[in-house]
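> Below you'll find the structure I mean.
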Amino acid sequence: GPRGRADAILREAGLVDRARVPMQRLSGGEAQRLHLAVAVAHEPELLFLDEPTAHLDPDDKRRLGERIREQGAARTIVLSTHDMREAEALCDHLVFLDRGRVRAAGDKRALLEGIGSVEDAFFRYCSARIGAEFDELHLRPRHLAVQRERRRGRLDDVELPREILEVVQHGAHR
């Protein structure tokens, strides 16, 4: 029943001991783990995560990253992030966006060949600009599907870049 599902979600989030704490009183990391557990409770094949570790302390980022990695073994996850280290650790396919346009997409190893890190690849494929333009690139939100979905309210209305659709359709799940 509903209580059993709630208990399963709390176990998945590692929050059994916080079951009676109101959502507003959970830490940022606890809340994000709970959101992820709720999102996967119905076992979706495809999951969109928009900046899931933003504003979390390093320990909570690590814990949530582990949960995302675990969930990626069972489903395709489209992860929107500005954190290049996070992308490098959690993703096996990358799509680099700059000002809403796809600049590069493909298997992580192929994109990074001869370049090194995801951060170096971002600058190579997207921009070599510095100063104010550099700040603008890092502060502008990426226009990924989940942001559009929130505005329109329905996933059916989302227009994904072709490169992201290819990753989703081929089941790249990290």
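The values are calculated or read from the model by the stated rules, or taken from the named source; none is laboratory data. What you see is a predicted model; the values in this text were computed from it and never measured. Ideal geometry is used to build each Cβ from the backbone, glycine not excepted, and the neighbour counts take in all protein chains shown. Surface accessibility is based on the protein's heavy atoms, side chains included, excluding ligands, DNA and RNA. Shrake-Rupley method; radii C 1.70, N 1.55, O 1.52, S 1.80 Å.
> Which condition number does A105 fail, the rest of (1) under 30 Å from I9 (Cβ atoms); (2) of a type outside the set (D, E, K, R); (3) in contact with a His (Cβ under 9 Å, 6 or more places away or on another chain) being met?
With respect to (1) under 30 Å from I9 (Cβ atoms); (2) of a type outside the set (D, E, K, R); (3) in contact with a His (Cβ under 9 Å, 6 or more places away or on another chain), A105 is out only on (1).
> Where in the range 1-77 are there helices (runs of 4 or more DSSP H), lying wholly inside it, with at least 1 residues that are within 22 Å of D92 (Cα to Cα) and in contact (Cβ under 8 Å) with a residue 12 or more places away in the chain?
28-40, 58-72
> Residue under question is L97, and the condition is that it be touching a helix residue (DSSP H, G or I) at 6+ places or on another chain (Cβ under 8 Å), open to solvent by less than 70 Å² (accessible area, probe 1.4 Å) and among the aliphatic types (A, V, I, L, M); does it hold?
In short, no.
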